[in-house]
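Just below is one structure, and these are the notes that go with it.
The values are calculated or read from the model by the stated rules, or taken from the named source; none is laboratory data. Everything quoted here is computed from the prediction, not taken from an experiment. Here the Cβ is made from the backbone with ideal geometry for all residues, glycine too, and neighbour counts use every protein chain on show. Areas reflect the complete protein model, heavy atoms only, side chains present, ligands, DNA and RNA absent. Shrake-Rupley method; radii C 1.70, N 1.55, O 1.52, S 1.80 Å.
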Amino acid sequence: MEGRVTMKGLYFQQNSTNEEMTFLFQERENLPLTEDNFVKLQVKACALSQINTKLLTEMKMKKDFFPVGREIAGTVLDVGNKVSFFQPDDEVVGILPLDSEDPGLCEIVRVHEHYLVHKPEKVTWTEAAGTIRDGVRAYTALHYLSHLSPGKSVLIMDGASAFGTIAIQLAHHRGAKVISTACSLEDKQCLERLRPSIARVIDVSNGKVHVAESCLEETGGLGVDIVLDAGVRLYNKDDEPAVKLQLLPHKHDIITLLGVGGHWVTTEENLQLDPPDSHCLFLKGATVAFLNDEVWNLSNVQQGKYLCILKDVMEKLSTGIFRPQLDEPIPLYEAKVSMEVVQKNQGRKKQVVQF
């Protein structure tokens, strides 16, 4: 019987210090659909992203095993009695909520219909799953947090990353002048190949180029209107010896290169601003906003806006505005090893498991 069929799903277990995690496959039952507003999906592709264990702890989500994989695309197998947007055989894409009981890295999952949208016919499974989360992040940063409009200048740090590429493409589409940083020669070449072309690529790989000076030079001394960082240094280099941190701009650099009325969108959840930093931002009339990937997940009242973003991301993917940086698809049996790599240090291209 269908309810007794078992299949493998990927989960993770945290150790006692919450610093490391173990990924493992577990057998799980293909449970019948019982919830009225839920949809049962046959997963065709699932993208891999780093898991924010700190957020799970703060949300008091205590489990022995947490499901892995949330960015999914697949075919509808069955729908609950109250589902109004979907029917069997529909092709859909979405992001499983933080409290999902089902791992996206499994053949069949159940998900509330309000976390899904239809997948355009011309978009592949891997493209849909591999773009949906970065698309939501880019929309949140540039549309909701910084109110991007035509003619604005935007600095996107680490633009050759999977997220950075989508953010650059969205900024270009909205008519912005885009500046980006590159962390290696390969990244620099990748950014220079983008079309439409970027106004300026700042190579920070040797640690000698000053980001603030380059941005002020590019904007005629006015500063940039919007900064989207990929992390910042809060202290002096001597206090942060890691090589990767040396490639990040100092918070004072970001404040210096911001223009009057500028918006700084940061991914640094522990950003510390001293009184002189705040005073400088005050003099510029500038704002700081925090890019929280899960902000839509944590607020049910914003569900309508969230679905609009998901639909827009898919529309831009189908029309070629979004061209994601995807790695070669990997099979499910390699998901455990790939997830371990992603969790330690997210790769340049998006990893997608294809079923």
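On the Cα set of the chain, report Rg and Dmax in Å, please.
Final numbers for Rg and Dmax: 21.0, 70 Å.
Relative contact order of the chain, please, whole-number percent, based on alpha carbon pairs below 8 angstrom and at least 6 residues apart.
With pairs under 8 Å counted, the relative contact order is 18 percent.
Residues with beta-carbon under 13 Å from that of residue 186, excluding residue 186: net charge, scoring Lys, Arg +1 and Asp, Glu -1?
Its environment carries a net charge of 0.
In the P(r) worked out for region 262-355, what percent of Cα pairs fall beyond 23 Å?
Considering region 262-355, 56 percent of its Cα-Cα pairs are separated by more than 23 Å.
Taking the chain as a Gaussian network, Cα atoms linked when under 10 Å apart, which of 234, 148, 55 shows the biggest mean-square fluctuation?
55
Give the angle, between 0 and 90 degrees and rounded to the nearest 10, that separates the Cα long axis of helix 303-318 from the longest principal axis of the Cα atoms of the chain.
Roughly 80 degrees, rounded to the nearest 10.
Of the cross-linked pairs 119/336; 122/311; 177/311; 8/44; 177/305; 44/305, which ones have a Cα-Cα span greater than 19 Å in the structure shown?
As for pairs spanning more than 19 Å Cα to Cα, those are 119/336; 177/311; 177/305; 44/305.
Please identify, among 259, 94, 135, the residue showing maximal mean-square fluctuation in a Gaussian network model of the chain using a 10 angstrom Cα cutoff.
Highest fluctuation among the options: 259.
Kindly provide the helix-only [θ] at 222 nm of the chain, computed as the sum of -39,500 (n - 2.57) over DSSP H runs of four or more divided by all residues, to the nearest 500 deg cm²/dmol? Present the calculation step by step, with values, prior to reporting the outcome.
Working: 10 runs with 96 residues, N = 355.
It lands at -8000 deg cm²/dmol.
Working with all protein chains in place, sort 210, 147, 112 by solvent-accessible area computed with a 1.4 Å probe, largest first.
Sorted by accessible area, descending: 147, 210, 112.
So what is the diffusion coefficient of region 150-290 in µm² per second by Stokes-Einstein at 10 °C and 1.306 mPa s, using a Kirkwood Rh over Cα pairs?
Details: Rh = 15.1 Å.
This corresponds to a translational diffusion coefficient of 105 µm²/s.
With a 1.4 Å probe and all protein chains kept in place, how much accessible area does residue 109 have, in Å² rounded to the nearest 10?
0 Å²
Antiparallel versus total DSSP beta bridges in the chain: what percent is that, nearest 5?
Here the share of antiparallel DSSP bridges comes out near 60 percent.
Once the piece of chain linking residue 193 and residue 62 is laid out straight, how much longer is it, given 0.36 nm per residue of separation minus the C-alpha distance between them?
Result for the pair: 42.6 nm of gain on full extension.
Just to be sure I understand: with springs between alpha-carbon atoms less than 10 Å apart, which residue in 281, 48, 273 has the highest mean-square fluctuation in the Gaussian network model of the chain?
273
With an 8 Å Cα cut-off and a minimum separation of 6 or more residues, compute the relative contact order for region 24-99 in percent.
Once normalised by length, the contact order is 37 percent.
If each residue of separation counts as 0.36 nm, what is the full-extension length gain between residue 273 and residue 50 once their alpha-carbon separation is subtracted?
77.6 nm
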